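Chemist: Starting off with a structure, shown below.
The values are calculated or read from the model by the stated rules, or taken from the named source; none is laboratory data. Bear in mind that the values here come from a model prediction, so they are computed numbers and not experimental data. Note: ideal-geometry Cβ built from the backbone for every residue, glycine included; neighbour counts use all protein chains shown.
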Amino acid sequence: MKWIKDFELGDLFRGPLLIANATKGTMANGQVFLSLSLQDKTGTIEGKRWEVSDEELSFLVPGNIVCIDGDVTSYRDNLQLKILHIKQTNEGEFDASNFTSSSPVPLDELKKKLDYYLNSIKDEDIKLITEYLVKKYYDDFLVYPAAVRLHHEFVSGLIHHTLQMCDLAEAIVKIYDDVNRDLLIAGVLLHDLGKTIELSGPIIPKYTIEGKLVGHISITHAEIQIAKEKLKITSEAPMLLSHLVLSHHGKYEYGSPVLPMIKEAVLLNLIDDLDAKMAMLDKAYDLTNEGEFTSRLFAFEDRSFYKIKKDNKK
């Protein structure tokens, strides 16, 4: 089986892939076609199935593994599969782990690091709220992705992203010693916790109804206020944590109802953006040969990035 990361223009692919998304369209002559987002554990690729039959429409749905014969072509500088033949597979015929990527860090290590950061918080009220909410959503927090598509969209992507942000925060507070470390670390741990409600699960995640109508920022803010009442906290800790969560996207147009107005909130926004963008670049570089450019990346104003050769003498 050839992995998506190894696809090259002109390849003929034959094998199983997981359908991550399917969008139906109609050609000028009335013929139905499908645009498919296909994936294995190494990446995703868009596929086109022209002249799709009614029988194929019944099984070409997200979450199904299908066997494909197709040509690897290019469209707008991105590789794409022109699907020549496609057939349904039987449940259990293929190992699902071949089609879903997960955090490169073992789950036991992620758990230990999460425990470390929780235990390192000294402020009593901040610690109470953070531990209460992490415990409440602990099982999902460990396995959910951080997003549907853009970054850390793999099993345990949410906790992986969160803990990398904690590491960045830890390094930053050693430089800027007037930053409230407990508040920043807690803000990092909680900022995306609402994604365990916003998203449907770790495999082929979709937005839930509450995710679409409310969103993870407002969900997490509400959870902090619920924790405040349950734990009978009267200090300003819940308000400050809510501010970090509500402002962490940094701009109104990015979904934050308020802008960062304390130093820790500014840092949380910058750390979140940094880790997300580095993950996007890593994903693009994984699909790019040295000495070549990545595909255009929407999050970077549609720019392509050059992958430096390891040996610049060649």
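Residue-wise test of (1) modelled with pLDDT under 90; (2) of a type outside the set (Ser, Thr, Tyr); (3) outside the structural domain of Ile121 (by TED's automatic domain parsing); (4) touching a Ser or Thr at 6+ places or on another chain (Cβ under 9 Å).
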{"position": "Ile204", "(1), (2), (3), (4)": "yes, yes, no, yes"}
{"position": "Lys212", "(1), (2), (3), (4)": "no, yes, no, no"}
{"position": "Lys228", "(1), (2), (3), (4)": "no, yes, no, yes"}
{"position": "Leu244", "(1), (2), (3), (4)": "no, yes, no, no"}
{"position": "Ser256", "(1), (2), (3), (4)": "no, no, no, yes"}
{"position": "Leu274", "(1), (2), (3), (4)": "no, yes, no, no"}
{"position": "Leu287", "(1), (2), (3), (4)": "yes, yes, yes, yes"}
{"position": "Lys314", "(1), (2), (3), (4)": "yes, yes, yes, no"}
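Chemist: For segment 179-192, indicate whether the set of residues that are assigned by TED's automatic domain parsing to the domain that holds Lys111 and within 30 Å of Ile65 (Cβ to Cβ) is non-empty.
Modeler: The initial filter retains those residues of segment 179-192 that are assigned by TED's automatic domain parsing to the domain that holds Lys111, namely 179-192.
Keeping just the survivors that are within 30 Å of Ile65 (Cβ to Cβ) gives 192.
Within segment 179-192 (the criterion being assigned by TED's automatic domain parsing to the domain that holds Lys111 and within 30 Å of Ile65 (Cβ to Cβ)), the answer is yes, since at least one residue qualifies.
Chemist: Same structure, new question: Of everything in segment 210-248 that's out of contact with any helix residue (DSSP H, G or I) (no Cβ under 6 Å at 6 or more places or on another chain) and not in a helix (DSSP H, G or I), which residue is surrounded by the fewest Cβ atoms within 10 Å (Cβ to Cβ)?
Modeler: Among those residues, the one meeting the criterion is Lys232.
Chemist: Among all residue pairs at least 6 apart or on different chains, which show Cβ distances below 6 Å where the first residue, located in segment 247-275, is under 16 Å from Arg181 (Cβ atoms) and the second is among the polar types (S, T, N, Q) and surrounded by 22 or more Cβ atoms within 10 Å (Cβ to Cβ)?
Modeler: Every condition considered, the pairs that remain are Ala265/Ser247.
Chemist: Pull out all pairs, ordered by first then second residue, where Cβ-Cβ is under 7 Å, the residues are six or more apart or on different chains, the first lies in segment 104-127 and is closer than 27 Å to Ile233 by Cα, and the second is surrounded by fewer than 17 Cβ atoms within 10 Å (Cβ to Cβ) and among the small types (Gly, Ala, Ser).
Modeler: Asp125/Ser235
Chemist: In segment 38-53, what count of residues is obtained for those that are small (Gly, Ala, Ser) and surrounded by fewer than 17 Cβ atoms within 10 Å (Cβ to Cβ)? I'd like the intermediate steps shown before the answer.
Modeler: We begin by selecting, within segment 38-53, every residue small (Gly, Ala, Ser); these are 43, 47, 53.
Add one more test, that the residue is surrounded by fewer than 17 Cβ atoms within 10 Å (Cβ to Cβ), and what stays is 53.
Residues meeting the conditions: 1.
Chemist: Please list, ordered by first then second residue, the pairs with beta carbon atoms under 8 Å, 6 or more apart or interchain, first in segment 1-15 and over 13 Å from Asp286 (Cα atoms) and assigned by TED's automatic domain parsing to the domain that holds Lys48, second at pLDDT 90 or above and surrounded by fewer than 12 Cβ atoms within 10 Å (Cβ to Cβ).
Modeler: Pairs found: Leu9/Ser74.
Chemist: From the list Thr73, Thr44, Thr100, which one is closer than 28 Å to Asp302 by Cα, of a type in the set (S, T, N, Q) and outside any strand (DSSP E or B)? Talk me through it step by step, then tell me what you get.
Modeler: Details: Thr73 fails: outside any strand (DSSP E or B); Thr44 fails: outside any strand (DSSP E or B).
Unique residue meeting the criteria: Thr100.
Chemist: Of the residues Lys122, Lys111, Lys82, which is assigned by TED's automatic domain parsing to the domain that holds Ala147, outside any helix (DSSP H, G or I) and either among the polar types (S, T, N, Q) or surrounded by fewer than 18 Cβ atoms within 10 Å (Cβ to Cβ) (or both)? Show your work before the answer.
Modeler: Working: Lys111 fails: outside any helix (DSSP H, G or I); Lys82 fails: assigned by TED's automatic domain parsing to the domain that holds Ala147.
Matching residue, one of Lys122, Lys111, Lys82: Lys122.
Chemist: Among the candidates Ile224, Ile197, Ile204, Ile159, which residue alone is β-branched (Val, Ile, Thr) and more than 29 Å from Asp40 (Cβ to Cβ)? Break it down into steps so the answer makes sense when it comes.
Modeler: Values: Ile197 fails: more than 29 Å from Asp40 (Cβ to Cβ); Ile204 fails: more than 29 Å from Asp40 (Cβ to Cβ); Ile159 fails: more than 29 Å from Asp40 (Cβ to Cβ).
Going through Ile224, Ile197, Ile204, Ile159 in turn, the sole match is Ile224.
Chemist: Only one residue in Gln88, Gln80, Gln164 is in contact with a strand residue (DSSP E or B) (Cβ under 6 Å, 6 or more places away or on another chain) and of a type outside the set (Phe, Trp, Tyr), so which one is that? Before you say what the answer is, go through the steps one by one.
Modeler: On the way: Gln88 fails: in contact with a strand residue (DSSP E or B) (Cβ under 6 Å, 6 or more places away or on another chain); Gln164 fails: in contact with a strand residue (DSSP E or B) (Cβ under 6 Å, 6 or more places away or on another chain).
Step by step, each of Gln88, Gln80, Gln164 is checked, and only Gln80 is in contact with a strand residue (DSSP E or B) (Cβ under 6 Å, 6 or more places away or on another chain) and of a type outside the set (Phe, Trp, Tyr).
Chemist: Among the residues of segment 135-153, how many are among the charged types (D, E, K, R) and under 13 Å from the mean Cα position of the chain (by Cα)? First the steps, then the outcome.
Modeler: Of segment 135-153, the ones among the charged types (D, E, K, R) are 135-136, 139-140, 149, 153.
Okay, now just the ones that are also under 13 Å from the mean Cα position of the chain (by Cα), so 149, 153.
Result for segment 135-153: 2.
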